[in-house]
Number of protein chains: 4
Amino acid sequence: MNYQELIDDAVDAARTHLGHGRVADYIPALACADPNAIGMALATVDGEVFQAGDADRPFSIQSISKLFTLALVLAEGGDALWRRVGREPSGNPFNSLVQLETEHGIPRNPFINAGAIVVTDRLLGLTGDAAEHVRRFLRSESENPNLATNAAIAASEAEHGHRNAALAHFIASHGNLDNDVDAVLAQYYEHCAIEASCRDLALAGRFLARHGVRADGERLLSRSEAKQINAVLLTCGTYDAAGEFAYRVGLPGKSGVGGGVLAIMPGRGAVCAWSPALDPAGNSVAAVAALDAFTTASGLSVF
Amino acid sequence: MNYQELIDDAVDAARTHLGHGRVADYIPALACADPNAIGMALATVDGEVFQAGDADRPFSIQSISKLFTLALVLAEGGDALWRRVGREPSGNPFNSLVQLETEHGIPRNPFINAGAIVVTDRLLGLTGDAAEHVRRFLRSESENPNLATNAAIAASEAEHGHRNAALAHFIASHGNLDNDVDAVLAQYYEHCAIEASCRDLALAGRFLARHGVRADGERLLSRSEAKQINAVLLTCGTYDAAGEFAYRVGLPGKSGVGGGVLAIMPGRGAVCAWSPALDPAGNSVAAVAALDAFTTASGLSVF
Amino acid sequence: MNYQELIDDAVDAARTHLGHGRVADYIPALACADPNAIGMALATVDGEVFQAGDADRPFSIQSISKLFTLALVLAEGGDALWRRVGREPSGNPFNSLVQLETEHGIPRNPFINAGAIVVTDRLLGLTGDAAEHVRRFLRSESENPNLATNAAIAASEAEHGHRNAALAHFIASHGNLDNDVDAVLAQYYEHCAIEASCRDLALAGRFLARHGVRADGERLLSRSEAKQINAVLLTCGTYDAAGEFAYRVGLPGKSGVGGGVLAIMPGRGAVCAWSPALDPAGNSVAAVAALDAFTTASGLSVF
Amino acid sequence: MNYQELIDDAVDAARTHLGHGRVADYIPALACADPNAIGMALATVDGEVFQAGDADRPFSIQSISKLFTLALVLAEGGDALWRRVGREPSGNPFNSLVQLETEHGIPRNPFINAGAIVVTDRLLGLTGDAAEHVRRFLRSESENPNLATNAAIAASEAEHGHRNAALAHFIASHGNLDNDVDAVLAQYYEHCAIEASCRDLALAGRFLARHGVRADGERLLSRSEAKQINAVLLTCGTYDAAGEFAYRVGLPGKSGVGGGVLAIMPGRGAVCAWSPALDPAGNSVAAVAALDAFTTASGLSVF
């Protein structure tokens, strides 16, 4: 595989989609992202990195952090998490309260906001500082010691976070939060507001392609746990458009409203694309287009 | 890979699950299935077949037929189908009317009952006889000329089919059926009541492992269409437990309340397991256990 | 009370609303109703009748028939009905399937379509001919022997009745229909397609103002049953706008998409207004305005 | 009418229901209410008071306070409230989030918790202290200067109030709260935790029977506004059992989980019954039975 050529071509193909979609504007700090930025990076299981476009430019990782909180909880606390959060697609917009009500405060999966709040609560309980654990993991895997949370974005999220507060209180009313609601939300906003580049995230996602083994050779997750995260990514990782993403890209992946999408090629590597403008489901128009072009040309879909 | 040993071991492992779950009993003809039957067959892309247990015993394929109606509609009519049915997980029990109402008669995906009724309507419109088209395809791929519909089961389904009739009339009220409601339902019951063995289905499913190419070398679907069906199978193929199936088995698959589960190994082959007793989600307890054992031992999950 | 002056004034006030709203057009036979027609009639418990406007012109009574089927079922079969249908407002559009699903085929109340189908099934079971029973009752109370079903409208309803067929099959799937689905629907369309005038309906509704006693002095319902029907009318009689109707008019009432609204003044009489153009909730704009003007001027609201 | 005899008999009849139902126990302070207490008081429009049983014993008025916050908001701010809260029955348990989501943060009516939070927010905005305004009104109408909030209950409600916090944040996320979430909730808990007796509440409810005129002859609400509150009480005042209450009692009424029920007899007076044990819908078993017996014997239902 000529990965460099593949991602160069993918970024070129995706550039034609720039100008479509809308940058997330529910908080001012995200609204000023450059809609014409586009980057892509691929890290192989052996540590090679290929980049195209704005692959070194940091962006707000937002919901992509949910992949890492989930992995860290499974690493620290094991299967007990699955009594508190499900593994099924939600079939509803990502911030829906309806299913949470009918299913008694057990979120459908760890990648909708409600589920990620429970995962954050668990990581906070296991470690005492959920966001710092995520940052430390990302810095280590990406070898980027400067990777950090943008405090202004975290504060802005908290200020505009009535819907997440509603979710957290609702979950708490069902007895499914161990820590104080405000403490959990603070941690949640802090890990969502981490800034990282495509390169950072491709490197950090490699452990899922390596069946649970970190860059330094240490095993974070069992082979079975890594496979399970990939399965949940494929069925639930891209909001209400998981079917569409599986259909077009055919890889386990996680998107964020900052415009990033991190996808896993089991046994091969991880690939991250980024461009800020989003489709109505909340996924980056050009980043998904880049990944689509990449798997179509390479045949590297899992299907 | 020693496929024979792998499926022998998988069936042995799954036998420990016999006695759990319940045979579908909503119609008498299904209720009398033998709960201790278990079979498994694997057909490689090259045409080799491996079998274990009751792999030659025909059973009611039920919803597994939805995989074939979808493939035949895409082959005959192309992408136009996707304006009438979605590709997202439903996040609800397979016979739910709720989403159909909020989404104006467009079923969430082709594998819930509502979606399969629309697919059947389309196949009927394209060919004039949907069930006969499915039978002909299955006979040809499996080289089993005796494969047929069990008319008693089809009649019994129709008699107890108020819920499907409700779905069909509801879809029709939104203008999303071309043919007469009763004619579509008759075809639907007829293809669900086809009887086939694990061997038959593993052979018939190979075209999806062969990226769209039939046993005789003829292309039924484009590479992209075959990939797309695999993606929809993975996210939506096992009722409300698609996440669980992806998590445990990690292959695109389609189950039926007759107890069969057909799974696709892209590029390698198709594997079918069968045992009549079902879990609460409607999937065979022992067949899923057999597939779980198989992918765990072989590492052949797509993740 | 000078009833004649009150209803003359009410009709005059309501005429200013002509031109607003839309005539029901889901079937051709209803779509041709005259949007400028308006009539009102009041019948006292003592048998006096006051009329204004087009009070003698017959119109399609549609859902107003549900009031009479309910009364006749309670008269014939008593309280057993309430095991099969509830008495609570639905809080959802009148033809919703959602609550029916979550509440296992027990419709919320007898005035949503689903509930009226169950009531019709019960009346059919008790009498052998539900629609003929309604017609006979209406003819007798109104002393109008010509009152009849419009067969063309009944046939047209049946032809466009996929949604009601979906409801009926869904109810049947929960075991809550005694008779054949098609037979029940035929009776349902037949009593909905009865044509009567404001005068006919005001006279026919008097038994509820007379606490259950018919025009000829015979008791149809106990005092308690009559009170109960009035209560269900007030909370559920005008589709999803029962609160609005109670708030504006303040009388128990039942509306139909033919544009009629029949309201009960307990202890005093019944008043019916009619004008074909409907608001988005399915209630006649001008008929509700006429009743609003009438209760505001007369102070005859129950509140 | 011999009111004294009627309420004596009603309380006697209701005593047979003591021992049924469950005292609210979601907070400790409510759980210790005496399940065998029962009281009833009736205040006529002319100021006569009749009492039976524990009619002078104060209890936690809870949701009955919603009647008074609504009246005070309409008195201070008029119709503008109805842009922020609806007037239709909810058809769902009183604390449901579902409708709030589908209807974009506009609660269905002022008597479900979500609606009462919006009303409290409005009263806080109009007056600067919502709970004090309610207390002052109740003290004045009941001539009971000792009437006060139980601070321990208010604190306990706040502590166990995750579900109300979820509702308030959700409403705020839709821009339908003017004041700070915590400030609104504090006021809400404070007026719910007011303690008053049946006598106090019957006297305080008289203004609705007097078409808006207070005890001192001052007009609080227009005749039309008073009628409107009565209409909303009848259709929405008793949680998910408004139809049942209308059917059995036939008066506009408001219940609270402290076991009180206040009902209005337009033009005649107000009657309050109390007994702590609740039915599954949250209404007092014995208090509703007492009101049922009272209207059945007196014929004073509005129907």
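Here are the numbers for the structure shown:
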item	result
Single match in B:G267, B:G258 (criterion: part of a loop (DSSP other than H, G, I, E, B) and more than 14 Å from chain A (Cβ to nearest Cβ))	B:G258
Residue ID - nearest to the other protein chains (Cβ to nearest Cβ), chosen from residues in region C:151-167 that are among the aliphatic types (A, V, I, L, M) and in contact (Cβ under 8 Å) with a residue 60 or more places away in the chain	C:A166
Of all residues in region C:207-225 being in contact with a Lys or Arg (Cβ under 8 Å, 6 or more places away or on another chain) and either in a helix (DSSP H, G or I) or within 17 Å of C:L291 (Cα to Cα) (or both), the one that is farthest from the other protein chains (Cβ to nearest Cβ)	C:F207
Conditions (1) basic (K, R); (2) within 29 Å of B:T296 (Cα to Cα); (3) surrounded by fewer than 24 Cβ atoms within 10 Å (Cβ to Cβ): number failed by B:K66	(3)
Identity of the residue in region D:231-249, closer than 20 Å to D:C198 by Cβ and without any contact (Cβ under 8 Å) to a residue 60 or more places away in the chain, that ends up farthest from the other protein chains (Cβ to nearest Cβ)	D:T238
In region A:269-297, the residues that are surrounded by fewer than 20 Cβ atoms within 10 Å (Cβ to Cβ) and out of contact with any Ser or Thr (no Cβ under 9 Å at 6 or more places or on another chain)	A:D279, A:P280, A:A297
Single match in D:A14, D:A33 (criterion: of a type in the set (G, A, S), touching a Pro at 6+ places or on another chain (Cβ under 6 Å) and under 24 Å from D:L203 (Cβ atoms))	D:A33
Elements of type helices (runs of 4 or more DSSP H) contained in region D:85-195, each with 3 or more residues being under 29 Å from C:T238 (Cα atoms) and touching a helix residue (DSSP H, G or I) at 6+ places or on another chain (Cβ under 8 Å)	D:98-102, D:113-127
Residue check for D:A172: surrounded by 20 or more Cβ atoms within 10 Å (Cβ to Cβ), under 30 Å from C:E101 (Cα atoms) and aliphatic (A, V, I, L, M)	no
Residues located in region D:1-42, provided they are farther than 30 Å from D:G267 by Cα and assigned to a helix (DSSP H, G or I)	D:P28, D:A29, D:L30, D:A31
All positions within region A:250-296 that are hydroxyl-bearing (S, T, Y) and free of Cβ contacts under 8 Å to residues at least 24 places away in the same chain	A:T296
For C:L167: the one exception among (1) crowded, with 23+ Cβ neighbours inside 10 Å; (2) closer than 24 Å to C:G267 by Cβ	(2)
The lone exception for A:I194 - which of (1) more than 14 Å from every other protein chain (Cβ to nearest Cβ); (2) closer than 21 Å to B:Y247 by Cβ it fails	(2)
Of all residues in region D:270-285 being among the aliphatic types (A, V, I, L, M) and farther than 17 Å from D:N36 by Cβ, the one that is nearest to the other protein chains (Cβ to nearest Cβ)	D:A281
Residues being aromatic (F, W, Y) and either closer than 21 Å to B:R223 by Cα or assigned to a loop (DSSP other than H, G, I, E, B) (or both) - total across region B:43-74	1
Which numbered condition B:V213 fails, given (1) free of Cβ contacts under 8 Å to residues at least 40 places away in the same chain; (2) surrounded by fewer than 20 Cβ atoms within 10 Å (Cβ to Cβ); (3) farther than 22 Å from B:L74 by Cα	(3)
Among (1) more than 23 Å from C:L221 (Cα to Cα); (2) at pLDDT below 95; (3) not aromatic (F, W, Y), the one test that C:G78 misses	(1)
Residue check for D:R199: within 14 Å of chain A (Cβ to nearest Cβ) and in contact (Cβ under 8 Å) with a residue 60 or more places away in the chain	no
Residue check for D:L18: farther than 12 Å from D:L278 by Cα and buried (at least 17 other Cβ atoms within 10 Å of the Cβ)	no
Hey, B:G77 more than 14 Å from chain A (Cβ to nearest Cβ), in a loop (DSSP other than H, G, I, E, B) and farther than 30 Å from A:I106 by Cβ or not	no
Criterion violated by A:T235 - all others in (1) modelled with pLDDT of 95 or more; (2) more than 23 Å from D:L97 (Cβ to Cβ) satisfied	(1)
Filter pass, A:R108 being surrounded by 22 or more Cβ atoms within 10 Å (Cβ to Cβ), in contact (Cβ under 8 Å) with a residue 60 or more places away in the chain and basic (K, R)	yes
When residues of region B:92-142 are limited to those that are over 21 Å from C:H162 (Cα atoms) and among the acidic types (D, E), the one farthest from the other protein chains (Cβ to nearest Cβ)	B:E132
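Conditions (1) at pLDDT 95 or above; (2) within 16 Å of the chain's Cα centre (by Cα); (3) more than 25 Å from A:G19 (Cβ to Cβ), marked per residue:
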{"site": "A:I229", "(1), (2), (3)": "yes, yes, yes"}
{"site": "A:A241", "(1), (2), (3)": "no, yes, no"}
{"site": "A:L251", "(1), (2), (3)": "yes, yes, yes"}
{"site": "A:V261", "(1), (2), (3)": "yes, yes, no"}
{"site": "A:R268", "(1), (2), (3)": "yes, no, yes"}
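Residues checked against (1) within 14 Å of chain D (Cβ to nearest Cβ); (2) over 18 Å from C:S224 (Cβ atoms):
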| residue | (1), (2) |
| --- | --- |
| C:A29 | no, yes |
| C:I38 | no, yes |
| C:E48 | no, yes |
| C:D54 | no, yes |
| C:S60 | no, yes |
| C:S63 | no, yes |
| C:V73 | no, no |
| C:L81 | yes, no |
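The values are calculated or read from the model by the stated rules, or taken from the named source; none is laboratory data. All figures in this text were calculated on a predicted structure; none of them were measured in a lab. With ideal geometry, Cβ positions are generated from the backbone for all residues, glycine too; neighbour counts draw on all protein chains shown.
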